[in-house]
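The next block holds one structure in the form of structure tokens; read it before the comments.
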């Protein structure tokens, strides 16, 4: 990120956003070095024909599951479902199937949130054939030691210490855990994905080197932002909407949806002070549906502001800014750098509103590790 202001560069949020391409490479190397051990644990589990995979977490960690679900399902050919720990804790009997073999992949930055700890415990209680894979950024978190408490198979992956963001909003932790999920569920082919990794690092650097674009956008007057994405990018849209809303302490109201779903009522949220962020697909078939919606909205006489990212071809519409993101075909990792769009919008809008991006919650209502959650046993 190019910025000459020393105080800005001293912010944890800025450092954590900037560090991502490097941390992705470190994460890749860590997983590559552990390929044999990870394969030894996961391959027999993934070989179970009726295996069900649940990807879980709370908040941004839950959105990792939403973004990775379709890719994991394709890579493993096993039913994969994203279910937040916040749902598992209140309704375990609605989600766990007693006699169905289940791999529970848990994502956690700190590994200390009450829901994360309770979810793995409930999995053991409500399933007779459960396997745990824990992906966390905190070597000292309670979740990483769950293997000591369970009688069921459990394997923990602790990412590089720097991914354990110090700031309130998850940035490098989100993208590094997402990268890990995509790599470990196809661990046998990790070495073949080195080129894909280099590509997404280049894509991220291009976005990071365009901070003037984000600074200019966030100078504009908008009170609502809607992120749209299709397929796996719907999960990224959801993460982006939370990132901007968190970093602006709710002063900017954000929404997310799929391109097609947005037509069915949610489009009513758009007013003259709305910014639409289009996270386009690189799939030609999907892109046709997305392009139709964008061109339709472009006819709106209110001249709605827009940001464009990705896609098969460039779309020329009025009052729109394109983020430099050169997509390539057949790279399942490239949804990861798209996340930086929400992070940078959040960072610069936070600064514009004179907030502290490291701790933007003026009231203290939002904390780095969730507070005030009591766990109740049935």
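The values are calculated or read from the model by the stated rules, or taken from the named source; none is laboratory data. Not measured: the values here are computed from a predicted model. We place every Cβ from the backbone using ideal geometry, glycine too, and count neighbours over all the protein chains shown.
Would you mind stating whether residue 136 is closer than 23 Å to residue 343 by Cβ, crowded, with 17+ Cβ neighbours inside 10 Å and modelled with pLDDT of 95 or more? Spelling it out, residue 136 is indeed closer than 23 Å to residue 343 by Cβ, crowded, with 17+ Cβ neighbours inside 10 Å and modelled with pLDDT of 95 or more.
Here's the yes/no breakdown for (1) surrounded by 14 or more Cβ atoms within 10 Å (Cβ to Cβ); (2) more than 21 Å from residue 192 (Cα to Cα):
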{"site": "13", "(1), (2)": "yes, yes"}
{"site": "28", "(1), (2)": "yes, no"}
{"site": "34", "(1), (2)": "yes, no"}
{"site": "41", "(1), (2)": "yes, no"}
{"site": "49", "(1), (2)": "no, yes"}
{"site": "54", "(1), (2)": "yes, yes"}
{"site": "68", "(1), (2)": "yes, no"}
{"site": "81", "(1), (2)": "yes, yes"}
{"site": "92", "(1), (2)": "yes, yes"}
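Is it the case that some residue within the stretch 145-153 is in contact with a helix residue (DSSP H, G or I) (Cβ under 7 Å, 6 or more places away or on another chain) and farther than 19 Å from residue 104 by Cα? Looking through the stretch 145-153, none of the residues is in contact with a helix residue (DSSP H, G or I) (Cβ under 7 Å, 6 or more places away or on another chain) and farther than 19 Å from residue 104 by Cα.
None of 319, 331 is at positive phi and either surrounded by fewer than 18 Cβ atoms within 10 Å (Cβ to Cβ) or not assigned by TED's automatic domain parsing to the domain that holds residue 170 (or both) except 319.
When only residues in the stretch 63-80 that are in contact (Cβ under 8 Å) with a residue 12 or more places away in the chain and not in a helix (DSSP H, G or I) count, which is farthest from residue 185 (Cα to Cα)? Filtering the stretch 63-80 for residues that are in contact (Cβ under 8 Å) with a residue 12 or more places away in the chain and not in a helix (DSSP H, G or I), the one farthest from residue 185 (Cα to Cα) comes out as 79.
Is it true that some residue in the stretch 81-95 is in contact with a strand residue (DSSP E or B) (Cβ under 8 Å, 6 or more places away or on another chain) and assigned to a strand (DSSP E or B)? Among the residues of the stretch 81-95, at least one is in contact with a strand residue (DSSP E or B) (Cβ under 8 Å, 6 or more places away or on another chain) and assigned to a strand (DSSP E or B), which makes the answer yes.
Considering only residues of the stretch 290-339 that are part of a helix (DSSP H, G or I) and without any contact (Cβ under 8 Å) to a residue 12 or more places away in the chain, which is farthest from the chain's Cα centre (by Cα)? Filtering first and then ranking leaves 296.
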